[in-house]
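Right, one structure below, let's go through it.
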């Protein structure tokens, strides 16, 4: 089951004090379009924290996890633009970046807010799937996804990661989209109680970019 479905690049990070403007200019002025130009990248979305342990969260949906170790993508990672080089070295803090399989998705829509749970130990996928089925009975919760980490063995250390000083990894994650902030915050409180070993965050969507029907897949 862990090998089914498309790939996800899941990223949580903080930003150096006073550098949010630089981060925003880079992400929306260069980075998001650059990544979506890589073959196999279908959709990207960035978020800012309302609560939780990371200031920002973004993810990319790709055709398969193999896209994230493909030659065109690695070429990009190993040849960062001048602005990317500066952001990676000076602005990113507490980087948590993991290549994942998306093993489950419930719901046809995407929301304006999201709650995430990061698992450092392998999560019980059956528990998460049952939870999603329950949550999606609420009209204010529009979709949810389960992500399981790809085996990190053999994944190369790229120039971008070297500039960041290394990245943390997760074993899996749950992401749930809601219509409104209050629903996301209530869900975040519930997830914190249900998964005390997880790292829960609540986020607002800042922007998104995708190809064709990838926005809803």
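The values are calculated or read from the model by the stated rules, or taken from the named source; none is laboratory data. Here the structure is a predicted model, which means the values were calculated and not measured. Neighbour counts are summed over all protein chains in view; Cβ atoms, including those assigned to glycine, are modelled from backbone coordinates with ideal geometry.
A compact table of results
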read-out	value
Residues (at pLDDT 95 or above and in contact with a helix residue (DSSP H, G or I) (Cβ under 8 Å, 6 or more places away or on another chain)) located in region 36-57	38, 39, 40, 41, 42, 43, 44, 46, 50, 51, 56
Flag if residue 83 is closer than 20 Å to residue 156 by Cβ and either touching a helix residue (DSSP H, G or I) at 6+ places or on another chain (Cβ under 9 Å) or part of a strand (DSSP E or B) (or both)	no
Residue count, region 27-41 (criterion: farther than 26 Å from residue 181 by Cβ, touching a strand residue (DSSP E or B) at 6+ places or on another chain (Cβ under 8 Å) and surrounded by fewer than 20 Cβ atoms within 10 Å (Cβ to Cβ))	4
Residue check for residue 97: touching a strand residue (DSSP E or B) at 6+ places or on another chain (Cβ under 8 Å) and either part of a helix (DSSP H, G or I) or over 26 Å from residue 16 (Cβ atoms) (or both)	no
Long-range neighbours under 6 Å by Cβ, at least six apart or interchain, first residue touching a residue at least 12 places away in the same chain (Cβ under 8 Å) and at positive phi within region 105-116, second buried (at least 17 other Cβ atoms within 10 Å of the Cβ) and in a strand (DSSP E or B)	107/142; 107/143
Count of residues meeting criterion [in contact with a strand residue (DSSP E or B) (Cβ under 9 Å, 6 or more places away or on another chain) and either crowded, with 17+ Cβ neighbours inside 10 Å or in a helix (DSSP H, G or I) (or both)] in region 126-147	13
Selected residue (criterion: surrounded by the fewest Cβ atoms within 10 Å (Cβ to Cβ)) from residues of region 58-80 that are touching a helix residue (DSSP H, G or I) at 6+ places or on another chain (Cβ under 7 Å) and under 19 Å from residue 149 (Cβ atoms)	77
